[in-house]
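Below: one structure, written as structure tokens.
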Amino acid sequence: MHRRLSAFLLFFLMLLGVAHAQSGTPQAGFDVKAKQVYLIEAETGTVLFARAEDELVPAASLAKLMTMATVFKALSAGEITLETQYPVTEYAWRTGGAPSRTSTMFAALKSNVRVEDLVRGVTVQFANDACIILAEGMAGSETAFVTRMNKEARDLRLKKSTFANATGLPNPDNKVTMREMVDLARHLETTYPERMAYYLEPEFEWNKIKQRNRNPLLALNIGVTGFVTGFSEEGGYSIVAAVNRDGKHLVLAMGGLENDKVRIEESRRIIEWALSSFERRTLFKQGEAIADASVYGGDASTVPLVAGEQVDVFLPKDNSQKLVARVVYTWPVRAPVQPDKAVGTLKIWNDKQLLREVPVKTAGAVGEGTLRMRALDALIELFFFWI
């Protein structure tokens with residue numbers, strides 16, 4: 001029987017000049033008014049601030065990120081092109097167009113609109129009619145498109161978020177978490193970098209109606225490069241934003257804010273705090289041994305573990321917390337062991353805050369041991385089974 005064991009790595013990081021802490025978390029001394037928050041430094045994946053990040057909340061227009069993920073995937077696969085045209089049905093017009101009194105690109109009933117213009121409608125104007133037109137055009141109905149959205153969510157390992165329509169308009173089955181919205185935003189950035197410029201367009205005109213970009217953070221000139229805002233009666237005001245500034249790349253998701261003014265102010269505050277208060281530290285170089293894993297039935301009792309990349313984290317510049325790392329793997333690793341075998345995860349905490357999780361792999365080979373060695377390992381495993 002295998003047991004999950006943790007190999008503690010004793011680096012209280014005097015080598016990094018970090019002192020022992022009495023208490024606190026990376027966000028000690030800083031807070032925001034949002035009920036749900038998840039903020040990461042995207043290049044390293046370091047968590048800078050987290051609160052109720054796995055709580056399901058109404059998606060509102062944050063659902064449009066999954067709509068765009070589904071559309072961009074179809075464009076990349078050649079299923080559709082930017083020049084493909086889709087008709088504006090009465091359902092799309094009434095539900096998301098001018099009669100709906102919601103965010104709209106004012107697509108005219110029974111007209112045809114190019115996919116690229118619909119994409120601009122969604123990314124610049126957060127247009128509900130554009131979402132529905134794309135959904136109906138690509139899948140035959142919004143319901144069929146929603147099936148694709150949810151499949152794409154599962155394929156992206158978004159385990160909790162669900163979608164009931166392409167717009168995020170009120171429906172009890174439109175639920176997301178801030179953690180998964182950050183993961184989805186990162187997917188869009190890394191998989192479809194050529195599409196990200198749409199989110200930065202300052203305005204878009206359709207049907208002789210010009211609208212400014214509805215992302216209120218773009219006008220602040222604080223390095224925001226997208227994405228979307230949302231509102232629901234139940235969940236309040238929310239936002240997902242990406243930031244590239246001062247050599248740092250942040251992705252933020254917040255929900256449960258009181259109004260749009262507070263959303264803008266708190267977004268600016270947490271972004272400026274993150275950009276000014278953290279610095280990058282290297283914990284392990286690529287290929288550097290991190291820990292040893294126990295080997296069962298081998299000609300060696302352990303095998304060194306390494307990360308496949310340099311392990312960096314972002315820490316507060318005045319950090320006084322205890323930095324702790326732990327390798328978690330299924331004990332024991334069974335011989336024979338080949339190099340580069342993924343066997344576990346390196347988890348890094350700053351006091352109580354989990355900062356990063358990095359896969360670890362074997363750095364060498366271990367052959368099968370003698371019959372006596374295997375028998376002894378069997379006795380040891382049996383002992384741990386009974387305790």
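The values are calculated or read from the model by the stated rules, or taken from the named source; none is laboratory data. Only a predicted model underlies this, so the values are computations on that prediction, with no experimental measurement involved. So basically every Cβ, Gly included, is an ideal-geometry build from the backbone, and we count neighbours across all protein chains shown. Side chains are part of the model used for accessible areas, which takes the heavy atoms of the whole protein and leaves out ligands, DNA and RNA. Shrake-Rupley method; radii C 1.70, N 1.55, O 1.52, S 1.80 Å.
For this structure, a couple of remarks:
- Rolling a 1.4 Å probe over the protein heavy atoms leaves residue 248 with an accessible area of roughly 30 Å².
- With the simple spin-label model, which puts each label point 7 Å out from Cα in the Cβ direction, the residue 330 to residue 285 separation comes to 3.4 nm.
- Summing Cβ point charges (Lys, Arg +1; Asp, Glu -1) relative to the Cα centre of the chain gives a dipole of roughly 400 debye.
- Normalising the average separation of contacting C-alpha pairs (under 8 angstrom, six or more residues apart) by the number of residues puts the relative contact order of the chain at 21 percent.
- Cα gyration tensor shape of the stretch 153-254, rounded if a/c is under 1.5, else prolate or oblate by comparing a/b with b/c: oblate
- Surface analysis of the chain yields an accessible area of 46 Å² per residue, using protein heavy atoms and a 1.4 Å probe.
- Computing FRET efficiency as 1/(1 + (r/R0)^6) for residue 91 and residue 234, where r is the C-beta to C-beta distance and R0 is 25 Å, gives about 0.50.
- Using alpha-carbon coordinates, inclination of helix 142-155 to the longest axis of the chain, degrees: 20
- Think of each Lys and Arg Cβ as +1 and each Asp and Glu Cβ as -1; about the Cα centre, that makes the dipole of the stretch 230-288 roughly 420 debye.
- Of the GluC sites (Glu not before Pro) found in the stretch 61-98, those in coil by DSSP whose Cβ has at most 15 other Cβ atoms within 10 Å are 79, 83.
- Positive-end residue, the chain charge dipole about Cα centroid, Cβ charges, pick of 342, 102, 188: 342
- Computed over the stretch 204-306: relative contact order in percent, which uses C-alpha pairs under 8 Å that are six or more apart: 15
- Reported to the nearest whole Å, the Cα centre-to-centre distance from the stretch 126-192 to the stretch 69-115 is 15.
- Calculated on the Cα set of the stretch 125-170, radius of gyration then Dmax: 10.7, 28 Å.
- Fluctuation leader among 101, 195, 263 - the chain, Gaussian network, Cα springs under 10 angstrom: 101
- Length, then width, then depth: along the principal axes, the Cα atoms of the chain run 81, 45, 34 Å.
- For the residue pairs 285/347; 33/261; 73/210; 64/248; 285/352; 110/208, alpha carbon separations beyond 19 Å are given by 73/210; 64/248; 285/352.
- For the chain, built as a Gaussian network whose Cα springs stay under 10 Å, the top-fluctuating residue of 226, 287, 256: 287
- Oblate is the label for the stretch 28-103. Its Cα gyration tensor axes, ordered a ≥ b ≥ c, give a/c of at least 1.5 and b/c at or above a/b.
- Axis of helix 64-76 versus longest Cα principal axis of the chain: the two differ by about 90°, to the nearest ten degrees.
- Options 306, 325, 274, ranked by Cα towards positive dipole end of the chain, top entry (Cβ charges): 325
- On Cα atoms only, tilt of 115-125 relative to the major axis of the chain in degrees: 80
- Put a plus charge on the Cβ of each Lys and Arg, a minus charge on the Cβ of each Asp and Glu, and nothing anywhere else: the dipole of the stretch 198-324 about its Cα centre is then about 440 debye.
- Whole-percent carbon and sulfur share, accessible surface of the chain, 1.4 Å: 52
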